Amino acid sequence: MIRFIIFTVLLSLGACSNSRQIDVRVAQMCKNRSFTQHIQTVRVVVEDPTRRNAALDEERYGVSSDYTTGQINLEGVPTYMTSEGDLDSPFVVRWFGSESPEPQFEASTILGYGASGHLAFSDDDNGDRQVFLPLMQVGRFSPTTDLKRSFDLVNAGEVCSQMVADRYGHTATYVPALGKVLLVGGRTTCDSGETCRRQAGEGIGVTDLVTAELFDPGTGLFEELPLPPPPARSFHSATLLGEDIVLIAGGRRLRNTDGAEEVLGTAYLFSATLYKSYSNGDAASPWTNAIAMGTNARYARVHHSAMAITERKALLAGGIFKLNGPGFPSLDPDLVGVEGNTAPTIVVFELGADRHSGEFTPASSFLNRPRAGGKLVKRPNQSGGKALIIGGFDTTGAIAAVEEISNLNGPPSDIIVSEYTTLPEAVFGHTATDVNGKVLVYGGFTSFPDLSSAGLSCDGLSSPNFCNLEWLRLRIPGSGVAKENLIQSMTHKVQVVDLGTESAFEVGNARETDPASSDFLPNDLAGRVWHQAVALDDGRVVIGGGLGRKHLRDNEYEVTHEAGVAFEVCEVEPTAFCQVPKSFRFSGDRNSSGRSDFRLTRLPGDVLLATGGRGGLTGIQQGQDTPALNPSRVAQLGVAPLRD
């Protein structure tokens, strides 16, 4: 028998609140279920993510009950009423399952965990709200699951859910106003079609997607959406503005079977308000009309960086303005802002008054070092609004210069760009994650890999550098000089940009594992590229996926998707170090579960959602060139090991 700590509210409710009931139903994941038999006690917490509902105070709850059905009724949960008497009460439900029989258990005894997305009481709930929660094993990933079907069937049959389409180079954005994740665009495989680019001798081709879908953490299912404004796009940006709007901007698309590519100069908005109207049958689509990125697409870009400045404004910096050459993957880029290219390196998007329109305006200042693939990091608590752009590449190689973009809260004409610091090692294909004023810069390339010895043609281009990267997304060299060049082009270093001292430094011994600990595996990762990194609420950084550079022995290394399967958890304070927790890896066979160009999205309660990506069998040890193009429809939910 499993005991749950059921939290009920024992409050005198004021004039601006009333109470509702939450019917919590805990559903097992379709994989990794055996741990549940060891759970003895569970704690359930209801929180207001907006912090407006002061009555939702965890310490006011404390009633225990036996659990026998997987269903928990939380009665008397206080809601938030506005001063006008309207119900406006978002909430998040979390649960913790412990192997301890004690009601007040320690974090070290927690085996299972689950959290909902942002939910909201409405007048239609009639005082009761049903919530499904995933029963996830702490420190593991599992495929997404049809939660209602799992709850109804328990252990009967397969209840895994899948994305509507396999995709990589897409975006995945959590929308708090809906409590759902928006997936847009990306690239996928094809057999034929007007824009299906197939290499000579290849069995499959590639094309871009115009489709979009929503993942609902409350059901575990993916919903296909009406098509956004055309054209199809990949490697675009998606920026959350406030809690209800997502700006989709730029990107690239294949135009024909020869692989000619266009960099896009259009954008559009996803609106939570329009989605609700669409769901009710009152609107045809959750999308706005297309928005031009300047006259004649002057602000077009791809492989740029974007971030929200306010709930109405977004910053876009750097990128590629044009892709030349005979066709994918043999492409030669023109960067935004380089000599002869008048496209501004920095543009600002601002929503219109109705939040369903907007326009792009160029900044009067340019980046001192035009770049693609840079990472924008917002500097918190800075007067006037400031951000850093870290790393990236131009046509000659990786960039070490870190630049500061200031006066973001004013008009674009007031924006100033200045030098900030320099990374010890120039990188691109990296991640840059801010944790309490220290930016963890992880992985990446230090130079373009030279893959010419593998017979990958980049003829007819002014520079083969970018072409080599594009080939690497299709094939991983498995032997010879090309393999060694790939290994040498990747960095093993972990770097930190300190926002307090305005300096950057390399972290020595960042991957040493405590030999006395049985909770971690030896960390033989020596770098990643095209991976993902997410900051957790407790100040740690989770890093996973990508092409991993693994240390085998002495001076021997390999680069595979398999090596990137294991996740690292990195501490930043007091000194940065990254460890590999046991079992914290993608679910599935190591040879097929690795992925790069995927998306890792943090949901409420530090639940992690991995969507899409490219994988494929390694074959590196056999000395063969390996097809690296195997887009995935398998999405996975994970929870990092909890901190004691």
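The values are calculated or read from the model by the stated rules, or taken from the named source; none is laboratory data. Being a predicted model, the structure only gives us computed values, none of them experimental. All Cβ positions, even for glycine, are placed from backbone atoms using ideal geometry, and neighbour counts span all protein chains on display. Protein only, heavy atoms only, side chains kept; ligands, DNA and RNA dropped before computing areas. Shrake-Rupley method; radii C 1.70, N 1.55, O 1.52, S 1.80 Å.
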Failed condition for Ala510, given (1) of a type outside the set (D, E, K, R); (2) closer than 20 Å to Leu469 by Cα; (3) in contact with a Phe, Trp or Tyr (Cβ under 8 Å, 6 or more places away or on another chain); (4) at pLDDT below 90, with all others met?
(2)
Being surrounded by fewer than 16 Cβ atoms within 10 Å (Cβ to Cβ) and among the hydrophobic types (A, V, I, L, M, F, W, C) narrows it down to one residue among Ile416, Ile346, Ile405; which is it?
Ile416
Would you point out the residue of the stretch 349-358, among those that are within 16 Å of Thr266 (Cα to Cα) and in contact with a Leu (Cβ under 9 Å, 6 or more places away or on another chain), that is surrounded by the fewest Cβ atoms within 10 Å (Cβ to Cβ)?
Ser357
Can you find a residue in the stretch 536-558 that is at pLDDT below 90, hydrophobic (A, V, I, L, M, F, W, C) and assigned to a strand (DSSP E or B)?
yes
From the set of residues in the stretch 448-469 that are assigned to a helix (DSSP H, G or I) and not aromatic (Phe, Trp, Tyr), which is farthest from Ile487 (Cα to Cα)?
Cys467
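Please return the ranges of strands (runs of 3 or more DSSP E) entirely within the stretch 390-446 where 2 or more residues are under 17 Å from Ala363 (Cα atoms).
Where strands (runs of 3 or more DSSP E) fall fully within the stretch 390-446 and carry at least 2 residues being under 17 Å from Ala363 (Cα atoms), they are 399-406, 416-427.
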What number goes with the only condition from (1) out of contact with any Gly (no Cβ under 7 Å at 6 or more places or on another chain); (2) surrounded by fewer than 16 Cβ atoms within 10 Å (Cβ to Cβ); (3) part of a loop (DSSP other than H, G, I, E, B); (4) of a type in the set (D, E, K, R) that Glu506 does not pass?
(3)
Note on Gln130: of the conditions (1) under 18 Å from the mean Cα position of the chain (by Cα); (2) surrounded by fewer than 19 Cβ atoms within 10 Å (Cβ to Cβ); (3) among the polar types (S, T, N, Q), unmet is (1)
Answer from Glu243, Glu223 - the residue that is open to solvent by 30 Å² or more (accessible area, probe 1.4 Å) and assigned to a strand (DSSP E or B):
Glu223
Residue count for the stretch 201-220, restricted to those that are outside any loop (DSSP other than H, G, I, E, B) and either open to solvent by 10 Å² or more (accessible area, probe 1.4 Å) or closer than 21 Å to Tyr278 by Cβ (or both)
7
